[in-house]
1. Once each part is reduced to its C-alpha centroid, what is the distance from the stretch A:41-71 to the stretch B:175-215 in angstrom?
2. More than 24 angstrom separation, counting every C-alpha pair in the stretch B:186-287; what % is that?
3. Have a look at the stretch B:289-415 and give its Rg and Dmax from the Cα atoms, expressed in angstrom.
4. Within 10 Å of each Cβ in peptide A:83-93, how many partner chain Cβ atoms are there on average? Round it to a whole number, please.
5. Hey, got the Cα dimensions of the protein assembly as shown along the principal axes, in Å, largest first?
6. Roughly how crowded by other chains is peptide A:117-123, in terms of the mean Cβ count from those chains within 10 Å of each of its Cβ atoms?
7. By DSSP, what percent of the beta bridges with both residues in chain B are antiparallel, rounded to the nearest 5?
8. Can you sort B:194, B:283 from fewest to most other Cβ atoms within 10 Å of each residue's own Cβ?
């Protein structure tokens with residue numbers, strides 16, 4: 001008989017993530033896909049892929065929790081939901097015990113969450129209704145420059161200078177980028193400036209405590225951004241093993257807690 | 001799929017009576033605008049309404065009309081009408097929605113009150129900039145458009161204490177309005193009538209205070225969202241007997257709720273302070289959102305701003321000056337912080353929501369470090385939500401929901 005597993009669904013504005021954990025909280029399966037327009041189909045796809053990776057099937061699911069913007073909108077294996085703030089906090093606290101500040105950079109929003117030593121939230125901040133500093137900003141720049149997202153890291157590393165963008169607004173920033181291209185500035189220097197602009201927008205959202213954890217899809221796919229963040233913060237930053245899945249992992253941990261706290265391990269979902 | 005949770009909110013029985021007196025008020029205004037022997041004044045919400053009423057004017061409050069545009073969700077489509085004639089979408093969305101409605105020839109009054117087509121045409125416009133500069137710009141536009149006089153009080157701002165110097169200043173400014181008002185109304189100011197009006201205003205605001213303070217009880221018998229609706233008479237009928245009678249009725253009902261331990265929100269677990277303007281087009285949604293989470297948003301600076309303990313019939317004009325200067329919005333941050341701290345204590349608050357209204361900087365108190373200072377001093381956590389009073393293009397429902405739910409989760413963790 002297989003061990004029960006616990007599932008977290010993080011239905012984000014940009015990507016949908018599913019995490020499957022065992023009874024010790026260890027991530028044993030995960031999958032990610034663009035959220036697209038059919039949330040239910042995407043959630044199902046990610047669930048099946050992550051269960052397959054974990055070597056289990058739906059009957060083995062003991063409990064599940066959903067999070068992310070689509071947490072209340074999708075037919076899934078659960079009716080339980082938690083906010084992504086709570087789930088990111090839970091997921092990061094699992095990886096890094098003690099007092100931490102979490103910087104989560106997602107496709108459409110950023111969060112700065114401060115936790116005390118017990119993992120309880122002291123405060124949190126989300127970006128205002130603005131794309132500055134989010135993955136959407138990076139995607140827009142990638143599109144304007146016609147450079148694939150996955151090439152931007154390497155290009156930024158080749159920069160000899162940095163062209164700083166002065167504007168807060170994504171649209172104005174794009175105009176600035178085009179202006180710099182027109183003036184013959186090296187693309188690598190411009191891309192470095194794009195990363196700088198992005199991380200600067202995030203860091204100015206709130207003050208930080210000593211230990212800083214970076215998470216989110218943008219962090220997972222842009223190691224250059226992480227290096228730059230550490231440089232700007234002035235000390236190394238902590239990265240979970242699967243930064244894009246901290247929200248889903250946290251949701252799964254809530255599912256595990258629910259079972260642990262109630263003693264129910266029903267496998268009835 | 002996540003089930004829609006059923007909000008648990010209690011309806012206030014006196015609402016029917018309030019709707020009736022508000023309806024009577026709007027029909028009377030409409031009649032006044034058509035009657036050759038009556039005069040109509042437009043007044044800002046904490047302008048010299050007592051003076052206008054005592055001189056026989058029927059008084060229309062454009063801020064009330066603008067809030068109705070917001071609550072009926074008409075505002076967002078009307079704001080661009082004002083933008084096209086040069087009024088930025090970044091300035092007061094009361095102003096832009098109201099002027100937009102005028103330009104488009106629409107009004108929520110027409111939908112709510114058959115026979116009324118629009119706000120009453122004014123004979124004079126009277127402002128007090130204690131709210132903000134935008135009210136002066138707003139009234140000035142109508143003055144030119146309708147070719148009517150526009151006079152007002154230019155209020156001191158950002159002071160901590162209401163000193164004699166400031167009171168002298170505003171007293172003289174109120175007195176200076178009188179000759180123009182007498183000319184328009186065609187009758188001299190009768191001091192006795194002003195005393196009676198000020199006495200009624202005092203009585204009204206005293207009852208309104210008692211109504212709001214019932215929320216100090218646990219569970220709180222009314223919420224901020226109830227308050228934004230039931231403050232209508234305190235805004236537009238201040239200085240009248242109808243408002244006094246209404247608040248006596250409302251107070252009786254809420255006092256009974258207190259006795260019976262009936263909360264406005266079922267199973268109240270969290271007690272929340274709301275700082276800033278309501279999002280008029282989302283009143284119901286926000287009310288339900290908090291109720292679902294067993295959180296009672298039970299007190300606010302906004303609703304409490306219509307409490308004027310300084311009105312004094314013995315010294316009417318000077319006491320009006322004092323009352324208008326006492327307004328929260330016109331004071332310094334150090335005064336505001338002391339005020340809020342006292343409210344947090346009195347109402348046993350667990351958390352504060354600051355509404356950062358995009359187009360209302362004067363009523364958005366999260367922009368100069370106040371949340372951080374108050375949190376440090378009181379230990380009471382807070383959360384800022386971005387939005388607007390009227391312009392729903394500045395509102396993200398999902399961001400609001402996530403922020404509020406996560407904030408309540410945070411309070412839950414700390415219990």
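1. 65
2. When all Cα pairs of the stretch B:186-287 are counted, 33 percent exceed 24 Å.
3. 16.5, 53
4. That works out to 3 on average.
5. Its Cα atoms span 90, 68, 47 Å along the three principal axes.
6. Counting Cβ atoms of other protein chains within 10 Å of each residue's Cβ and averaging gives 4.
7. 5
8. Values: B:194 21, B:283 17.
Ordered from fewest to most neighbouring Cβ atoms within 10 Å, B:194, B:283 come out as B:283, B:194.
Read the figures in this text as sums done on the coordinates, not as results from a lab. As the structure is a computational prediction, the values presented were derived from the model and not from experiment. Quick reminder, even Gly has a Cβ in these numbers, built from the backbone with ideal geometry, and neighbours come from all protein chains shown.
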